[in-house]
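Take a look at the structure set out below.
The values are calculated or read from the model by the stated rules, or taken from the named source; none is laboratory data. Not measured: the values here are computed from a predicted model. Cβ placement follows ideal geometry from the backbone for every residue including glycine, while neighbour counts extend to all protein chains displayed. The area values use the complete protein model at the heavy-atom level, side chains included, leaving out ligands, DNA and RNA. Shrake-Rupley method; radii C 1.70, N 1.55, O 1.52, S 1.80 Å.
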Amino acid sequence: MVLTTIPSWYTHHGLRAKILTSEGRTNNLANSSRDLLRNILAPICGVVVGLAVGAIFIALSGADPLAAYAAMVRGAFGGQRQITETVLKATPLLIMGLGLTVAFRAQVWNIGGEGQYFIGALGAVLVGLWLQESASAWVLIPLMLVAGVIGGALWAGLA
């Protein structure tokens, strides 16, 4: 969507400036800034509420919430090894999230991302183990990727 602003210097004769979209619709700048603020504040409020609810449960269990959150941050980002482990564990989740985003944008309901991930990984490992002695890395790695995609797609096709 291409946006073009109509130059009205924002308050010409008391009118708000409008944004003309390529579809011919107009939106007030105030509405678009309100939407932007909502899109930024909603996730921040979600994180704050989640941390507050977690702190309540931690406190009810008899532990110090601040100490628990500090230990969580140190465990995830406390050093090079911790950061490496965090990235190692987060990468598959990000990949599944990106894949599910594509499915949801296409209005296809997909709740089997984890199973597709594991079956795809199993297919890639089986091909890697089967061909490790006979194929070079230049051939083996693409074959493993293809086997992973096919395994995940076949698992998704069962639903």
_GLN107 - would you say it is touching a Leu at 6+ places or on another chain (Cβ under 8 Å) and open to solvent by 40 Å² or more (accessible area, probe 1.4 Å)?_
no
_Criterion violated by LEU122 - all others in (1) open to solvent by 40 Å² or more (accessible area, probe 1.4 Å); (2) at pLDDT below 90 satisfied_ = (2)
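One line per residue, one yes/no per condition, for (1) hydroxyl-bearing (Ser, Thr, Tyr); (2) surrounded by 15 or more Cβ atoms within 10 Å (Cβ to Cβ); (3) touching a Cys at 6+ places or on another chain (Cβ under 9 Å):
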site	(1), (2), (3)
LEU98	no, no, no
THR101	yes, no, no
GLU114	no, no, no
VAL127	no, yes, no
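Would you confirm whether or not region 117-126 contains a residue that is over 19 Å from the mean Cα position of the chain (by Cα) and over 24 Å from LEU94 (Cβ atoms)? If you could, list the steps in order and put the result at the bottom.
Of all residues in region 117-126, those over 19 Å from the mean Cα position of the chain (by Cα) come to 119-126.
Cutting the leftovers down to over 24 Å from LEU94 (Cβ atoms) gives us 126.
The answer is yes; a qualifying residue exists.
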*Of the numbered conditions (1) aliphatic (A, V, I, L, M); (2) in contact with a Gly (Cβ under 8 Å, 6 or more places away or on another chain); (3) open to solvent by less than 90 Å² (accessible area, probe 1.4 Å), ALA70 satisfies every one except a single condition; which is it?*
(2)
*Is it the case that ALA156 is open to solvent by less than 90 Å² (accessible area, probe 1.4 Å), out of contact with any Asp or Glu (no Cβ under 7 Å at 6 or more places or on another chain), among the hydrophobic types (A, V, I, L, M, F, W, C) and free of Cβ contacts under 8 Å to residues at least 40 places away in the same chain?*
no
